[in-house]
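Notes follow the structure.
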């Protein structure tokens, strides 16, 4: 085995500890322009936070620091009232390099949609095929942009990460993330999306998590705005936020963005983005970056019945999914962005807490860990909000 990541092994442990911060060396990418920023505020370090008792995977208890390490975490940052109060890095982590955030990318795409909607460039109720006629006759026929945003497209495609014969592997080849499986096999995102199968039943009634929906949403946004996804992130998000580190997004062989999972950014800039969401779409300098009503709708919108009919209600019983963000059930005010291999943004306005976690977790999905990590996030927020940490 080569000691360097390749297109064939870059998402496998232990190669992913290197490759998740060097994606541009493996897959074509588009750079995202950034500027110069003030350093993130540093508050009083809450030393006791690491010793906070939290649920352990599979039962029992561990400490917050122990859980973070057990999750094959590369870096974790906790902010309270806008200041960094706890931070941990693995020895191999380079904070100056961007880290792939997988499906946290979806949540970035979701707020871009809000920006375009406020500018009058995008109607969330518009039919998808009005903007991307190439998918006429596929699962997306009759679907609205809102169905892409909320993962309520009635498609028969399933997100199966570990079956080499599944359609998901054909999707990986189309994104440029996997090598061809046989001689002469090629693919691109839009051509793949045009083959997505329909499922019986109407759109809009059932949450069904399908990454191709978000890739199509990225294409919809490019068509609606006349801009590349990377330029939209630069102009509408990263530059107004004062993001300063390198950032990029992967591209398929024809230049389509991987708007579902191809974004890489630095730990500090992801914290700036999450803090902006905590402040109702405002940057640290008070600039309204994302429309306040769009952020409020993420917190208060979504269809709990559609979520309950889907495959993931056990993660957030009574929650929902809105505009590519997970909404926790009341009385919690937290919203979450989640990506495979352990990527997290946790935004809790009531507790005034933001948490960023980057990881090179070996498994794409680890429900046992996540079912401990979600309540652990809640305990960290509660401890900081009550000054008990």
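Brief remarks on what is shown
- Once both labels are positioned 7 Å from their Cα atoms along Cα-to-Cβ, the gap between residue 92 and residue 44 label points is 3.7 nm.
- With a simple spin-label model that places each label point 7 Å from the Cα along the Cα-to-Cβ direction, the separation between residue 191 and residue 205 comes to 3.5 nm.
- Calculated over region 152-208: convex hull of Cα atoms, volume per residue (Å³): 91 Å³
- Directionally averaged projected area (convex hull, Cα atoms, region 1-60), nm²: 8.5 nm²
- Overall form of the chain per C-alpha gyration tensor (a/c, 1.5; a/b vs b/c): rounded
- Rounded tilt (10° steps) of 211-225 against the dominant C-alpha axis of the chain: 80 degrees
- Here, region 119-197 has an Rg and a Dmax of 14.2, 46 Å when only alpha carbons are counted.
- Using all pairs of distinct alpha-carbon atoms, the Kirkwood hydrodynamic radius of region 342-389 works out to 11.6 angstrom.
- Our estimate of slack between residue 162 and residue 53, defined as 0.36 nm per intervening residue step minus the Cα-Cα distance, is 35.9 nm.
- Legend: calculated FRET efficiency, residue 183 to residue 3, from the Cβ-Cβ distance at R0 = 30 Å, rounded to 0.05, equals 0.65.
- With 5 Å bins from 0: P(r) over region 72-230, alpha-carbon pairs, percent: 2, 8, 15, 17, 17, 14, 11, 9, 6, 2, 0
- Segment residue 83..residue 371, full-extension length gain: 101.0 nm, with 0.36 nm per residue of separation and the alpha-carbon distance subtracted.
- Eigen-decomposition of the gyration tensor built on the alpha-carbon atoms of region 165-285 gives equivalent ellipsoid semi-axes of 30, 19, 13 angstrom, largest listed first.
- In region 111-157, the ratio of gyration radius to Kirkwood radius, Rg to Rh, stands at 0.99 when only Cα atoms are counted.
- Working note: Cα atoms of region 248-389, range along each principal axis, descending, whole Å: 50, 39, 31.
- Acute angle (nearest 10 degrees) that the helix 267-278 long axis makes with the longest principal axis of the chain, alpha-carbon atoms: 90 degrees
- For 135, 69, order by how many other beta-carbon atoms lie within 10 Å, fewest first: 69, 135
- Degrees between helix 104-118 axis and first principal axis of the chain (Cα, 0 to 90, nearest 10): 70 degrees
- Kirkwood-based shape ratio for region 6-108, expressed as Rg/Rh from alpha carbons: 1.01
- 222 nm mean residue ellipticity, helices alone, for the chain (DSSP H n ≥ 4; -39,500 (n - 2.57); rounded to 500): -8000 deg cm²/dmol
Each value in this text was obtained by applying a stated rule to the coordinates, not by laboratory testing. Fair warning: this is a prediction, and the values are worked out from it, not measured in the lab. Quick reminder, even Gly has a Cβ in these numbers, built from the backbone with ideal geometry, and neighbours come from all protein chains shown.
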